[in-house]
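Encoded as structure tokens, the structure appears first; notes follow it.
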Amino acid sequence: MAISDQDIEFGLITRERRVELNMTQEQVAEQVGVKPNYIGYLERGMRKPSDEICCRIADVLGLDRRGLFFLANPHLRTILDPPDEPESSAWDKFRADRMLHLRL
């Protein structure tokens with residue numbers, strides 16, 4: 001299994017926050033409802049959390065659920081949170097469509 005930069009980033013954020021809160025992997029695991037070695041795998045980017053586990057981790061560590069979800073699932077950001085693009089006006093679309101000009 002290849003480890004991606006996004007997996008590592010998720011792991012680093014969760015590890016840094018856990019350390020900031022002076023919590024052990026065992027303490028986090030107990031509150032999340034998983035085994036301690038699973039928290040270690042997540043922190044090293046070797047596993048991907050399910051959506052439910054991601055939310056539990058966010059709650060236990062006091063992190064934003066949405067932000068942590070997108071760290072765990074970066075490919076979904078463009079689908080669920082598309083960038084704001086200005087809507088083209090009808091006039092702009094008309095001016096850009098050269099084939100439509102030929103019909104006039």
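FYI, it's all coordinate maths here, none of it is from the lab. Fair warning: this is a prediction, and the values are worked out from it, not measured in the lab. Positions of Cβ are backbone-derived with ideal geometry, glycine not excepted, and every protein chain shown enters the neighbour counts.
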14 Å beta-carbon shell around Glu16, net charge (K/R +1, D/E -1): +1
Give me a comma-separated list of calculated 3J(HN,Hα) values for segment 15-32, in order, Karplus coefficients 6.51, -1.76, 1.60 applied at θ = phi - 60°, integers in Hz, x for any Gly or Pro. 5, 4, 5, 4, 5, 4, 8, 6, 10, 8, 4, 5, 5, 5, 4, 4, 6, 7
Across bins of 10 angstrom width beginning at 0, how are the C-alpha pair distances of segment 8-83 distributed, in whole percent? 20, 58, 18, 4
Report the gain in length on full extension from Ser88 to Leu12: 0.36 nm times residue separation, minus Cα-Cα distance, nm rounded to one decimal. 23.3 nm
With unit charges on the beta carbon (Lys/Arg positive, Asp/Glu negative), name the residue among Asn37, Leu63, Met23 whose Cα is farthest towards the positive pole of the charge dipole of segment 23-69. Asn37
What distance in nm separates the simple spin-label points at Arg98 and Arg44, each placed 7 Å from Cα in the Cβ direction? 5.7
Quick one: which of 54-67, 15-28, 37-50 comes out on top by average Cβ neighbours within 10 Å, and what's the full order, highest first? 37-50, 54-67, 15-28
